[in-house]
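Each reported figure results from applying straightforward, stated rules to the coordinates on display, with no laboratory input. Given the structure is predicted, the values throughout are model-derived calculations rather than measurements. Note: ideal-geometry Cβ built from the backbone for every residue, glycine included; neighbour counts use all protein chains shown.
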Amino acid sequence: MTLAKVVQERVFFPYTPYIESAKHFCEELTRKDYVSWHDLLAATTLLSLSVEAIANTIGELVVPDFKDFESSSPRAKIRIICETIGLEFDRNKSPFIETLHLLKIRNQLAHPKYQRLHYESKKMPLEQAQKHYNDLGEILHDIEKALSPEFAKTSLAAVTRLAGKLGAALDPKILQTSSKRLVIDGEDFFAKQV
């Protein structure tokens, strides 16, 4: 009797679904006639998660003993990766400047502070005060002020560039997405790469 087994492999880059999902929410911001807080929050949160996933994934693949840096901040991990692969980490240039700003917003989202919001206008004539009263929008928290469609789209572009720059250091063999093969009596009989 001939024995065989099926072997299937797939390389999973955890940041890819985060970036793709954030892209979906950014597209929703463009498609809709209004700005959705839900889309902004989802895009921003997913993009901030993707930065950590990029650092952890690529760091594991290119930095020797990367587990030593597991508790480091995403910013520190990115710097270590850049140093290892010979890429200049310039916090004042793209995509690093936008990524660091995104991480700052991520920290505000992850550790929000209670705030009693207050607004008081200067004294003005009654008619002007009534108009101002009617025109006055809601008082926004710093997190609400920080999120905008432009911020989400800029962050998406920066995170995508960051993944590309850091990912360029990976061995092309690692980028093979998946394979399936039939092994008969210890030898590959049929191999299919996707």
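Computing FRET efficiency as 1/(1 + (r/R0)^6) for ALA4 and LYS173, where r is the C-beta to C-beta distance and R0 is 25 Å, gives about 0.45. Ordering LEU49, LEU100 from the fewest to the most neighbouring beta carbons within 10 Å gives LEU100, LEU49. When the chain is treated as a Gaussian network with alpha carbon springs shorter than 10 Å, the biggest mean-square fluctuation among ILE58, ILE139, ILE105 belongs to ILE139.
At what distance in nm do the modelled label points of ALA76 and LYS180 sit from each other, each positioned 7 Å from its Cα along Cα→Cβ? The answer from the label model is 4.4 nm. Counting each DSSP H run of 4 or more residues in the chain as -39500 (n - 2.57), what helix-only mean residue ellipticity at 222 nm follows after dividing by all residues, to the nearest 500 deg cm²/dmol? The helix contribution divided over the chain gives -17500 deg cm²/dmol. Given the alternatives (1) 60, 34, 32; (2) 56, 45, 29; (3) 96, 36, 27, Cα extents along the principal axes in Å as computed for this entry is given by (3). Label sites at HIS132 and ASP188, each approximated as a point 7 angstrom past Cα along Cα to Cβ, lie 7.5 nm apart. Ordered by the count of other Cβ atoms within 10 Å of each Cβ, fewest first, PHE189, PHE25 give PHE189, PHE25.
Going from the fewest other Cβ atoms within 10 Å to the most, the residues CYS82, CYS26 appear in the order CYS82, CYS26.
Taking 0.36 nm per residue of sequence separation and removing the Cα-Cα distance, the ASN107/HIS24 pair yields an extension gain of 27.6 nm. Largest GNM mean-square fluctuation across THR16, THR99, THR44, computed for the chain with C-alpha springs under 10 Å, falls on THR16.
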